[in-house]
Each structure stands twice: as C-alpha cells, then as structure tokens.
Amino acid sequence: MQHEQIQAAAALVRDAQKIVALTGAGISTPSGVPDFRSDVGLWQQHNPFDIAALTAFRRDPQRFYRWFQPLLERLIVAQPNLAHCALAQLERAGRLHALVTQNIDGLHQRAGSREVYELHGNMRSATCLECDQQIPGAPVVAKARHGAALHCSCGGAYKPDIVLFEELLPRGLVWLAQRAFDTADLVIVAGTSLEVAPVCEMPLAALRRGAKLIIINHGETYLDARADVILRADVEQALPAIVEQVIIR
C-alpha cells in the first residue's frame, strides 16, 4: 500500500473540520457482498432492466425474488469489515459528520455509524406496490429466502424499500445528503466508481466550495483529476490505515 498517500490522506483528515464520506459496493465486497458493475459484478450476468427495474418487478415479482435470493443470502451472513469500522471510529471521534452510501446492506450501521444516509434504500421495511402499506422487512425477507414474493391482503406484492431502476431516490435523504456535501470541507470517496447518478454528482457541491477530496477505489473515477489523494488500494486496508494515523497520533 502507498505509504506516502496514506500519510497525505491522514493529514487532510486531521486538518478537516467537516468530513463527509461517500461509499459504494466496493466497501462491502471484503464482507462477501458482490458488487454490480465490475468485471465480475452481477450486471455482467443479467440486464438490470430485465429484473431489477420497477416495471419488471410489477410484471413478475416472483422472477425478481428468484434472482434476488442468492444475493439476499450473502447479505444476511455479511459482517462489517475493517473499512466500515474505521468510518464508524472516525465518526465517534467527531471527525466524520455524515456518511452517504449507495449500499443496501446496513453494514455501516452494524459497524456503529449513526449518521448514515442510505440513498438506495434498505431491507428493514417493505411496501405494497398496490396500496402503499408499509411493513417491517423481516417477513418479506423470510419469504424471499425461498425465492418467493410476499403478498399484501389487497393482493399486491411487497417490495423491499430498496431503490430499483426507474424509481426516484428518497427525497428527504437526498436533501440531507446534499446539505452535508454543501458544507463539507473534505470528502472521502470509498469503494465506488462514481458511475450512478445522481449520487455520483453530489461531491461536486463540496468541490465547488474548495473542499478537498480523497478517493479510495481500485478503478478510475471521473473525479480523479480533481482528487487531492488517490489510493488504488483495498478499502479494508486503506481506510483503517488512514484513521489509525489520525486517531492514535
């Protein structure tokens, strides 16, 4: 791992007054959660609009759950890794003010992070697409583990409150996340290729105000040219190494 870049990133963290982190699938792959867009990601085998779009779900929820079942099993057994824990430690130390994530796995909260904005939703609740009744996610997950849909008393299928293609992001969380970036003086991008709009555009608000930028990702991103530090490293190694320099020293 690049020692000089770790030192430079740690210096930026020490000097920052308000840090916001943006995380994607790459922060959870060390926990066994597959990503979607890499060369071995889930979208290499499936067209997302055929399965994971709102229209497709309405047309055939059973097909969605049959596809989702293997991923769900991975999500259920996944545990927070050292990268999740490092960000939680940074928050407890009063350095990280908000964590914006594209992940639906809940691992940031299980690691101890509190100010988490899950812009692509989560599985803790589910909503009937016909009558909008919302219920806890557990019975939907239990049914989904058998590749089947749970139906409401009105006959509609329950969908986990995760954001599918063709759906809008939750407006309240988008506002909170954008407000966080608007006032950040350091943005840490970890484990995301910054390809999914509109989340990928949110750091621009901070950069326009002169915020610094750290990117930790194996692949290139469209913001690389504007980054102050780039680490092409495993997030599970890089983030703890950075935080250790800040918290201990």
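Throughout, read-outs are computed from the coordinates displayed, never taken from laboratory work. Only a predicted model underlies this, so the values are computations on that prediction, with no experimental measurement involved. Backbone-built Cβ (ideal geometry, glycine too); neighbour counts: all protein chains shown.
Could you give the length gained by full extension between Leu176 and Arg145, i.e. 0.36 nm per residue of separation minus their alpha carbon distance, to one decimal place?
Using 0.36 nm per residue and subtracting the Cα-Cα distance, I get 7.9 nm.
Within 10 Å, count the other beta carbons around each residue, average over each peptide in 112-125, 87-100, 57-70, and list them highest first.
Order by mean packing, descending: 87-100, 112-125, 57-70.
Per residue of the stretch 59-70, what does 6.51 cos²θ - 1.76 cosθ + 1.60 with θ = phi - 60° give for ³J(HN,Hα)? Whole Hz please, x for Gly and Pro, Karplus curve as stated.
Karplus-based 3J(HN,Hα) across the stretch 59-70 equals 5, 8, x, 4, 5, 4, 5, 5, 5, 6, 4, x Hz.
Find which of Gly106, Leu213, Ala16 sits farthest along the positive direction of the dipole of the chain, computed with +1 on the beta-carbon of Lys and Arg, -1 on that of Asp and Glu, about the Cα centre.
Gly106
On a straight-distance basis, which lysines could pair with Lys143 in a cross-link, Cα separation under 26 angstrom, same-chain partners fewer than 8 positions away excluded?
Excluding near neighbours in sequence, the set is Lys159.
What order do you get for 4-16, 20-32 when each peptide is scored by the mean count of other beta carbon atoms within 10 Å, highest first?
Top to bottom by mean Cβ count within 10 Å: 20-32, 4-16.
Please list 3J(HN,Hα) in residue order for the stretch 171-178, calculated via the Karplus relation 6.51 cos²θ - 1.76 cosθ + 1.60 where θ = phi - 60°; whole Hz, with x for glycine and proline.
4, x, 5, 4, 5, 5, 5, 5
Enter the angle in degrees (range 0 to 90, nearest 10) between the Cα long axis of helix 235-248 and the first principal axis of the Cα atoms of the chain, meaning the one along which they spread out most.
50
Using unit Cβ charges (K, R positive; D, E negative) and no other charged atoms, how large, in debye to the nearest 20, is the dipole of the chain about its Cα centre?
Dipole magnitude for the chain comes out near 480 debye.
Under a cut-off of 24 Å between alpha-carbon atoms, report the lysines in cross-link reach of Lys18, not counting same-chain residues fewer than 8 places apart.
Leaving aside lysines fewer than 8 places away in the same chain, those within reach of Lys18 are Lys212.
Subtract the Cα-Cα distance of Ser153 and Glu73 from 0.36 nm times their separation in residues, and report this length gain in nm to one decimal.
Length difference between fully extended and current span is 26.1 nm.
I'd like the antiparallel share, as a percent to the nearest 5, of DSSP beta bridges with both residues in the stretch 16-162.
On the way: 8 of 16 bridges.
Antiparallel bridges: around 50 percent, rounded to the nearest 5.
Just Ile51, Ile76, Ile188 to compare: in a GNM of the chain, with alpha carbon springs under 10 Å, which one fluctuates most?
Of the options given, Ile76 has the highest mean-square fluctuation.
Nearest 5 percent is fine: what portion of the DSSP beta bridges confined to the chain is antiparallel?
Antiparallel: roughly 25 percent of the beta bridges in the chain.
Provide the net charge surrounding Leu223, with neighbours chosen by a C-beta distance below 13 Å and charges set as Lys +1, Arg +1, Asp -1, Glu -1.
Residues near Leu223 contribute -2 overall.
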